[in-house]
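So the structure is just underneath, and the comments pick up after that.
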């Protein structure tokens with residue numbers, strides 16, 4: 001039995017009868033492999049079993065909770081994980097400082113009972129970025145590719161095959177995360193990134209290319225696989241209609257014997273299409289780069305750090321607002 005089904009059965013058979021006619025909502029959200037649907041027989045060796053969250057109206061006498069039943073309010077539950085209650089609005093700063101793993105945990109899982117719609121309202125507020133925030137985050141993702149896409153060949157051509165492989169691995173991760181952005185899906189943390197990526201429509205084309213890039217015995221084959229994957233995800237970015245389309249064909253890197261997508265062109269196209277005043281002001285605060293139209297933009301918290309100790313602590317996440325230009 002999956003963890004979600006186990007939680008539903010636990011709620012319906014063991015917890016709900018104890019609540020009588022008391023107003024409440026019930027769900028399984030937050031941390032846990034079963035929330036994202038990746039639990040299997042190995043998951044049962046720790047932190048697994050029947051459990052549920054019970055949400056009571058504010059001021060209601062509390063039930064006795066244990067490690068299987070978390071008793072809280074809807075506002076309190078979301079504030080504990082985000083630092084804010086999305087029912088009161090979720091602004092630009094909130095989007096920038098919230099890890100995609102957290103957003104996945106709060107919008108996946110299962111709701112078993114929600115007669116007042118309090119959970120549904122908050123989950124809907126976290127469903128996806130507003131369009132101009134989406135443009136900004138996509139642009140930041142393509143900028144990360146642009147900053148390193150020539151290094152696979154450059155390192156490899158000097159005989160540094162290990163360095164070339166390391167950069168290739170970094171670019172594979174960035175392209176995978178871009179695919180999640182294109183398909184409007186919250187990317188999970190590294191343990192489940194590949195498994196979740198395999199569920200994306202883009203994976204049918206891009207996954208073999210990315211796997212080839214990681215397995216290639218030499219930098220030429222590595223480069224060819226990466227630019228093919230980047231071109232496929234770039235085509236999908238164009239198909240979103242968020243910006244003027246950009247030619248997704250690979251091209252030379254200056255006059256060198258190096259092939260790249262030229263990902264900076266997507267950064268320019270996406271940021272040029274931004275009209276929201278708050279996102280525009282964010283771009284202005286970051287400024288531009290010397291000698292060209294490509295803006296400087298760190299993106300979201302996931303795009304500036306992969307520190308577990310930061311990404312799993314809402315207070316630390318919110319403290320990055322100044323670094324991200326939102327504070």
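Could I have the simple spin-label model distance between residue 79 and residue 31, label points 7 Å from Cα toward Cβ, reported in nm to one decimal?
The two pseudo-label positions are separated by 2.1 nm.
Could you tell me the relative contact order of the chain? Use alpha-carbon pairs under 8 Å, at least six residues apart, and round to a whole percent.
Relative contact order here is 18 percent.
Provide the FRET efficiency to the nearest 0.05 for the residue 310-residue 157 pair, computing r from the beta carbons and using R0 = 45 Å.
Here the calculated transfer efficiency is 0.80.
Express in nm, to one decimal, how much length is gained between residue 322 and residue 111 on full extension, taking 0.36 nm for each residue of separation and deducting their alpha carbon distance. Walk me through the intermediate numbers first.
Numbers: separation 211, 0.36 × 211 = 75.96 nm, distance 3.49 nm.
Result for the pair: 72.5 nm of gain on full extension.
Between residue 14 and residue 128, what's the calculated FRET efficiency when r is the beta-carbon distance and R0 is 30 Å? Round to 0.05.
Values: r = 35 Å, r/R0 = 1.16.
For R0 = 30 Å, the calculated efficiency reads 0.30.
Can you put 128, 186 in order, fewest other beta carbons within 10 Å first? Don't jump to the answer; show the numbers that get you there.
Working: 128 15, 186 23.
By the 10 Å Cβ count, ascending: 128, 186.
Given R₀ = 41 Å, FRET efficiency for residue 5-residue 285 by Cβ-Cβ distance, to 0.05?
On the way: r = 48 Å, r/R0 = 1.16.
The computed FRET efficiency comes out at 0.30.
Among 74, 237, which comes first, second and so on when ranked by fewest other beta-carbon atoms within 10 Å?
74, 237
If we count other beta carbons within 10 Å of each Cβ, what is the order of 136, 189, 254, fewest first?
Ranked by crowding around the Cβ, least crowded first: 254, 189, 136.
What is the angle, in °, between the Cα long axis of helix 219-239 and the longest principal axis of the Cα atoms in the chain? Nearest 10 is fine, range 0 to 90.
The helix 219-239 is inclined about 60 degrees to the chain.
Taking the structure as given and computing P(r) over Cα pairs in 20 Å bins from 0, in percent, which label from (1) 33, 59, 8, 0; (2) 29, 52, 18, 1; (3) 33, 55, 12, 0 fits?
Matching the structure shown: (2).
Roughly speaking, what is the stretch gain from residue 221 to residue 276, that is 0.36 nm per residue apart minus the C-alpha to C-alpha distance, in nm to one decimal?
On the way: separation 55, 0.36 × 55 = 19.80 nm, distance 4.16 nm.
Extra length available between residue 221 and residue 276 comes to 15.6 nm.
At residue 254 and residue 22, where each label point lies 7 Å from the Cα along Cα→Cβ, what is the point-to-point distance in nanometres?
6.9
Express in nm, to one decimal, how much length is gained between residue 296 and residue 42 on full extension, taking 0.36 nm for each residue of separation and deducting their alpha carbon distance.
On the way: separation 254, 0.36 × 254 = 91.44 nm, distance 4.34 nm.
That pair, residue 296 and residue 42, stretches by 87.1 nm at full extension.
From the C-alpha coordinates alone, can you work out the Kirkwood hydrodynamic radius of the stretch 3-125, in Å?
15.1
Each reported figure results from applying straightforward, stated rules to the coordinates on display, with no laboratory input. Bear in mind that the values here come from a model prediction, so they are computed numbers and not experimental data. Cβ atoms come from the backbone with ideal geometry, glycine included; neighbour counts cover every protein chain shown.
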